[in-house]
Amino acid sequence: KAGVTQTPRYLIKTRGQQVTLSCSPISGHRSVSWYQQTPGQGLQFLFEYFSETQRNKGNFPGRFSGRQFSNSRSEMNVSTLELGDSALYLCASSPGQVREKLFFGSGTQLSVL
Amino acid sequence: AQRVTQPEKLLSVFKGAPVELKCNYSYSGSPELFWYVQYSRQRLQLLLRHISRESIKGFTADLNKGETSFHLKKPFAQEEDSAMYYCALIHGGATNKLIFGTGTLLAVQP
């Protein structure tokens, strides 16, 4: 089985722009979660989706949004980028039940200049 | 508030020495705890979870509710154990939301 795939691998944007990151979960997995990883704050939860519905949301401003499609693929969008949004964004998938093991992707490294 | 604390940023040991990576948590309900590991240039992956009560790659972790701890232990460290280790707590309820500690870098010297 192919693992969790995240595209693109690297992104460079400037302040004020917006960005869309993509995540394809493991085949058959219906739950997708997103995490932000920074040296200062570590790993922080952004959102969790299950069957196209947001099941949980972290403490991030409204500039961060996400969605999940009927094929379980997910996207997250960050609008009006700030320098502090520079981070590694990780996507993780799981079959769909709660309190499960997560399978992580390699991440998208976003740099905001 | 739910929180996971890993007090050591770096733990350096010699090959063959015992290892203990500390993890303390604060959580009002019935916690579910995990250890995730990230080896160099690899993805973050699950090492073990407390409900499984299993040993993976020689590592074990026991949930101590009295001390609110979930320390990761291995009796004899190997060089291939060098990695970043994260303790994590499931937030609770109908979710897979993980609250991570800040991680401990384990360096096993030859």
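Taking only alpha carbon atoms, the stretch B:64-110 gives an Rg to Rh ratio of 1.07, where Rh is the Kirkwood radius.
Summarise the partner chain shielding of A:93-104 as one whole number: the mean count of Cβ atoms from other chains within 10 Å of each residue's Cβ.
Values: counts 1, 1, 1, 1, 2, 9, 12, 5, 8, 9, 4, 7.
Counting Cβ atoms of other protein chains within 10 Å of each residue's Cβ and averaging gives 5.
For chain B, count the residues as N, evaluate 2.2 N^0.38 Å, and divide the Cα radius of gyration by that value, please. This ratio for chain B stands at 1.02.
Which residues does the label zone of residue B:67 cover in the stretch B:21-54, counting backbone N under 19 Å from a point 7 Å along Cα→Cβ? Of the residues in the stretch B:21-54, B:21-27, B:31-35, B:49-51, B:53-54 have backbone N under 19 Å from the label point off residue B:67.
Shown in residue order for the stretch B:66-72 are the 3J(HN,Hα) couplings computed by the Karplus curve 6.51 cos²θ - 1.76 cosθ + 1.60 at θ = phi - 60°: x, 9, 6, 10, 8, 6, 9 Hz (x for Gly and Pro). Annotation: amide H-H contacts under 5 Å for residue A:47 (H modelled 1.01 Å from N, sequence separation of 5 or more, or interchain): A:34, A:58. Where the alpha-carbon atoms of the protein assembly as shown are placed on the principal axes, they occupy 50, 37, 36 Å, in descending order. Put simply, the amide H of residue A:5, placed in the peptide plane, has neighbours under 5 Å in A:24, leaving out anything fewer than 5 places away on its chain. For the stretch A:11-16, backbone phi angles converted through the Karplus equation (6.51, -1.76, 1.60; θ = phi - 60°) give residue-by-residue couplings of 9, 10, 10, 10, 3, x Hz, Gly and Pro being listed as x.
Pairs of Lys residues in chain B are counted when their Cα atoms are under 23 angstrom apart and they lie 8 or more places apart or on different chains; the count is 17.
Taking every residue in B:94-105 and counting other chain Cβ atoms within 10 Å of its Cβ, the average works out to 6. Among the residues of B:40-50, the average count of other protein chain beta-carbon atoms within 10 Å of the residue beta-carbon is 3. Checking every one of the GluC sites (Glu not before Pro) in the stretch B:28-110 against DSSP loop status and a limit of 13 other Cβ atoms within 10 Å picks out B:54, B:67. The base-10 log of I(q)/I(0) for chain A, evaluated at q = 0.12, 0.20 Å⁻¹, reads -0.37, -1.02 [Debye formula, identical scatterers on Cα atoms, solvent excluded].
Computed from the coordinates by the stated procedures, all read-outs in this text should not be read as laboratory data. Because the structure is predicted, anything quoted here is derived from the model rather than measured. Here Cβ is always computed from backbone atoms with ideal geometry, including for glycine, and neighbour counts include all displayed protein chains.
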